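Just so it is clear, none of the values below were taken in a lab; they were calculated from the coordinates. Because the structure is a prediction, the values reported are computed rather than measured. Glycine also receives a Cβ, built like all others from the backbone with ideal geometry; neighbour counts cover every protein chain displayed.
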Amino acid sequence: MSYKTDLHLHTYFSDGSMSPTDIVKRAKEMGYELISITDHDGVDGIPEATIAGKALGIKVIPGIELSTEDEQRISMHILGYDIDIDNPELLDKLKELKQKRKDRNDQLIEVLNKMGYAISMEDLRFTEGQSYIGKPIIARALLKKGYITDAKQAFESGKFLESPEAKAVKKDKISAEEAITLIKKAGGIAVLAHPMKIKKIGDRGTDQFYEELEKLIQKMKAFGLKGIECYHTDQTNQESLRLVELAEKYHLHITEGSDYHGPEFEKPHA
């Protein structure tokens, strides 16, 4: 039996623009039967989504997306599925990551202000009780203030959040090994998110890229990686097939996700 699934969705508890309930309603309208809420570095939206899922007859898997990097500062996102959202060790780490993200955001706002874009932390509050601020939220603030006409413009090469000054602002990240270990200890399954978006391993789609990606997958499997997000909206069919081949070679689960952040982003950025 096959289900229509989307295992990569973001709510306004991280950098999405929709509530968990509205995300579940959208999934129902689109005919999905199995979804996962995978907010960045947090699990606050999962209880609401679970309740909405039960009401609408959609299975909601508790998930998370953790930003990581290795010793060579290669950034990777690790998805965790079927996690215990009350796991103490996971919650302690999420609290630490929240503070690191706040420090990064303060620096980004300062950079944008120096570039002539008058944005304050108050401009980034879109929902009551919002505690997470990611780059797509900053993009929406730039749109709201009239500095751009489309949220995606904030991520154009060399401009705004992709300017050299903004890109120089780094957030301390945990290692891929630590992320996978945290997910495992919380009873979950770790999956490599959107592999084709990984930087610093060669030009996307080249032989070098796939060779370096395979090395990363080998290393992460040794840490406990259980799957690869082979199907993603930012990939071509050919790229997805190459990822399926890697997943099969290393006996890893094959997952699919839209990485949906809201209607403002056709190709959302993490």
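Observations, loosely collected:
- Selected from Pro136, Pro47, Pro195 as most flexible by GNM, with the chain as the system and alpha-carbon contacts under 10 Å: Pro47
- Protection proxy ranking for 108-117, 16-25, using the average of other Cβ atoms within 10 Å per residue and placing the highest first: 16-25, 108-117.
- Every Cα-Cα pair in the chain was counted, and those over 32 Å apart are 21% of them.
- Of the DSSP H helices in the chain, those whose Cα atoms cover at least 30 Å axially and whose Kyte score averages -1.0 or more: none
- Normalised convex hull volume, the stretch 1-82, alpha-carbon set, Å³ per residue: 99
- Its Cα centre serving as origin, the chain has a Cβ charge dipole (Lys and Arg +1, Asp and Glu -1) of approximately 280 debye.
- Within a Gaussian network of the chain (alpha carbon springs, distance under 10 Å), most fluctuating of Met76, Met196, Met30: Met30
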